[in-house]
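Notes follow the structure.
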Amino acid sequence: MNATRPPRRLAVVVVALLLVCAGLAATGDATAQTAPPETDNSVVRIALADDGSARWTVQIRTRLDSRERVDQYAAFRRGFERDPGRYLGPFRSRIRGVVAGASNATGREMRATEFGATVGIQEVPRRWGVVTYEFTWTNFARPANGTLVVGDAFEGGFFIAANDTLQIAAPSGYAFETVAPVPDTREDGVVAWTGREDFADGR
């Protein structure tokens, strides 16, 4: 980006952003022998591109603070790594349904593609088992007078639960212009909310 050129604007005027991850934490075959572990919190990061698409990263986290939890997560991880499709398949189906609904609501063609899922352990600052889902949402943001507007795809209100986190990262060369509701943190091209946070309809 030219240093003499002011950054383009990114308007996040409505941010009732999809957190189906609360339901997707335990996505998978309910009859499977290896049950998904209990979810303690989730972190959703939405990295916007200047064409309006967004790369979503959904992290489902389980605190590994007891031998029972460690053993349960180890068993779950083995099952996940043997057959990740058991968990990715239902996630893909639900996300595509949500994206199709958003496309109908906005009249804007949208697609969910490039799905992925991994499982691992995060050691810092404390030990967590982490399941990560990813996908790309095309035409997620709406271009408007030189800005990108995020949020028109969501209706009916929304909340993130206590200790859950929602992050939105601006594309390179963009700066946040309007953000509502007020984020808990705003730095380095990223705004974030930590729950519980209630979003009104269309926000």
Heavy-atom accessible area of D152, protein chains in place, probe 1.4 angstrom, given in Å² to nearest 10, is 50 Å²
Under the Karplus relation with 6.51, -1.76 and 1.60 and θ = phi - 60°, whole-Hz ³J(HN,Hα) for region 96-108, x at Gly and Pro, equal 4, x, 5, 5, 4, x, 5, 4, 5, 5, 9, x, 10
Probe 1.4 Å, all chains present, heavy atoms only: R186 accessible area in Å², nearest 10, is 130 Å²
The rounded separation in angstrom of the Cα centers of region 123-151 and region 83-121 is 13 Å
Amide H neighbours of D40 at under 5 Å, excluding residues fewer than 5 places away on the same chain, with H built from the backbone geometry, are R61, T62, R63
Using a 1.4 Å probe on heavy atoms of the protein chains only, the accessible area for L48 in Å², nearest 10, reads 10 Å²
Quick shape check on region 95-161: root eigenvalues a ≥ b ≥ c of the Cα gyration tensor, a/c under 1.5 is rounded, otherwise prolate if a/b tops b/c, else oblate, and it reads prolate
In Å², rounded to a whole number, the accessible area per residue of region 67-203 with probe 1.4 Å is 51 Å²
Heavy-atom accessible area with a 1.4 angstrom probe orders R96, R127, R196, most exposed first, as R196, R96, R127
Taking a crude spin-label model, label points 7 Å out from Cα along the C-beta direction, the T113 to R96 distance in nm is 1.3 nm
Share of accessible surface on carbon and sulfur in region 39-141, whole %, 1.4 Å probe and ligands ignored, is 44 percent
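The values are calculated or read from the model by the stated rules, or taken from the named source; none is laboratory data. Here the structure is a predicted model, which means the values were calculated and not measured. Note that we place each Cβ from the backbone using ideal geometry, even for glycine, and neighbour counts take in every protein chain shown. With ligands, DNA and RNA removed, areas are computed over all heavy atoms of the protein, side chains included. Shrake-Rupley method; radii C 1.70, N 1.55, O 1.52, S 1.80 Å.
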